[in-house]
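Enquirer: I'd like to ask you about the structure that follows.
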Amino acid sequence: MNKILCFGELLLRMSPALEGEWLRQSSMPVYIGGAELNVASALSRWDMPVKYFTALPDNYLSNEISEELKKRNIDTGDINISGKKIGVYFLPQGADLKHAGVIYDRAHSSFADLKPRMINWEKLLDGVSWFHFSAISPALNENIAALCREGLEVASKKNIIISIDLNYRSLLWQYTRQPQEIMHGLVKYCNVIMGNIWAANSLLGIPVDEGIHTKGKKEDYLEHAEKSSLAIMQEFPKCTTVANTFRFNYGEEGIIYYSSLFHKKMQYNSDEFIAHEIVDKVGSGDCFMAGLIYGLYNNHPPHDIINFSTAAAFGKFFEKGDATMQNIKTVQSRVNAHG
């Protein structure tokens with residue numbers, strides 16, 4: 001089977017318990033993460049042939065991380081060894097990456113210091129049929145944005161399927177060019193686009209109804225998802241598939257989660273998943289993206305794809321850490337329970 005290549009920065013997540021507890025205990029949980037690695041980890045759990053590319057420094061931490069990824073059956077043979085630093089982010093336990101609790105320490109990491117023409121894309125993409133990346137990488141700096149474009153150009157010429165997760169992180173977009181200016185030049189190569197109606201607006205300029213929250217009904221959000229999907233496909237003709245996720249707070253600590261898939265000129269909507277309490281919000285979108293790739297790669301029916309992806313993302317809310325440990329049977333049992 002041809003491999004799925006996931007390209008992006010490996011990160012260490014430091015997860016302190018606040019109110020000074022991490023100081024009193026002199027401890028802080030550490031998780032291996034990064035959006036694209038989370039996708040690769042899920043796919044490997046589901047017996048998919050997956051390769052991961054990033055850059056790491058030459059030290060014992062990198063060696064131990066690489067050994068761990070190999071144990072997950074992730075191909076790490078082409079990881080670039082360069083630079084002096086692994087990217088880090090701090091996120092308090094129970095917090096959300098989209099909000100102010102996150103602190104990034106990614107400047108001058110091995111990945112962030114990669115430059116155009118450093119990677120032999122022809123070699124890296126040999127034996128690859130699917131190339132996945134996210135909007136987090138080009139948000140780092142112009143060199144990484146140019147590097148993404150190099151890879152996309154080669155992948156496109158090789159007729160490799162290209163997918164992107166439009167995860168928007170405003171804290172990362174700190175250089176002179178605007179997100180839409182960068183992202184238009186990258187998304188034009190993509191066949192599969194996943195995100196939500198607000199990220200599509202921020203990163204691609206796709207119109208969003210500013211009053212959609214006042215309507216607040218599931219059918220209104222799903223109708224908007226269809227309009228957004230059609231607008232994306234009109235703007236980017238190579239795109240054949242668009243997925244939108246919706247996640248809302250439920251009570252004080254719960255979640256309502258559902259999604260849509262626009263594929264082959266039709267929209268398919270998932271079941272609605274509700275939890276009164278969750279464990280960790282990080283990585284749910286990555287788990288959804290992995291489910292999407294898994295279903296499309298294996299040519300599953302669209303309705304099965306969207307329900308599997310949604311159930312996988314929902315299941316991630318009950319796991320600590322960045323990457324899921326769910327297997328196919330676990331996800332499918334959740335689909336069956338809600339279907």
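The values are calculated or read from the model by the stated rules, or taken from the named source; none is laboratory data. Keep in mind that this is a model prediction, so the values were computed, not measured. Quick reminder, even Gly has a Cβ in these numbers, built from the backbone with ideal geometry, and neighbours come from all protein chains shown.
Enquirer: From the residues in the stretch 216-241 that are closer than 15 Å to G195 by Cβ and of a type outside the set (A, V, I, L, M, F, W, C), which one is surrounded by the most Cβ atoms within 10 Å (Cβ to Cβ)?
Expert: So, considering only residues that are closer than 15 Å to G195 by Cβ and of a type outside the set (A, V, I, L, M, F, W, C), the one surrounded by the most Cβ atoms within 10 Å (Cβ to Cβ) is S228.
Enquirer: Which count do you get for residues in the stretch 277-314 that are buried (at least 23 other Cβ atoms within 10 Å of the Cβ), within 17 Å of the chain's Cα centre (by Cα), at pLDDT 95 or above and not small (G, A, S)?
Expert: So the count comes out to 12.
Enquirer: Would it be correct to say that D209 is closer than 30 Å to I274 by Cβ, in a helix (DSSP H, G or I) and not aromatic (F, W, Y)? Break it down into steps so the answer makes sense when it comes.
Expert: Numbers: closer than 30 Å to I274 by Cβ: yes; in a helix (DSSP H, G or I): no; not aromatic (F, W, Y): yes.
Criteria not met by D209.
Enquirer: Something else: Going through S110, S41 one at a time, which residue ends up being at pLDDT 95 or above, surrounded by 20 or more Cβ atoms within 10 Å (Cβ to Cβ) and in a loop (DSSP other than H, G, I, E, B)?
Expert: S110
Enquirer: If you check A17 against the conditions, is it over 22 Å from K115 (Cα atoms) and surrounded by 24 or more Cβ atoms within 10 Å (Cβ to Cβ)?
Expert: No, not satisfied.
Enquirer: Here is a further query. Does the stretch 20-38 hold any residues that are among the charged types (D, E, K, R) and either surrounded by fewer than 16 Cβ atoms within 10 Å (Cβ to Cβ) or on the phi > 0 side of the Ramachandran plot (or both), and which are they?
Expert: Here is the first cut: in the stretch 20-38, the residues among the charged types (D, E, K, R) are 21, 24, 36.
Scanning the stretch 20-38 gives E21, R24.
Enquirer: Which of the strands (runs of 3 or more DSSP E) found entirely inside the stretch 245-314 contain at least 2 residues meeting this: of a type in the set (A, V, I, L, M, F, W, C)? Explain how you work it out, then say what you get.
Expert: On the way: elements: 254-263, 266-269, 273-275.
Correct list: 254-263, 273-275.
Enquirer: Let me ask something additional. Which of (1) over 23 Å from D286 (Cα atoms); (2) in contact (Cβ under 8 Å) with a residue 24 or more places away in the chain; (3) loosely packed, with under 15 Cβ neighbours inside 10 Å is the odd one out, the single condition H213 does not satisfy?
Expert: (2)
Enquirer: Right, next: If I filter the stretch 158-183 down to residues being touching a Leu at 6+ places or on another chain (Cβ under 7 Å) and β-branched (V, I, T), which single residue comes out as farthest from F131 (Cα to Cα)?
Expert: I160
Enquirer: How many of the residues in the stretch 315-329 are part of a helix (DSSP H, G or I) and either within 21 Å of the chain's Cα centre (by Cα) or of a type in the set (D, E) (or both)? Don't jump to the end; show me each part of the working.
Expert: As a first pass, look at the stretch 315-329 and keep what is part of a helix (DSSP H, G or I): 315-316, 328-329.
Now drop any that are not either within 21 Å of the chain's Cα centre (by Cα) or of a type in the set (D, E) (or both), which leaves 315-316, 328.
Result for the stretch 315-329: 3.
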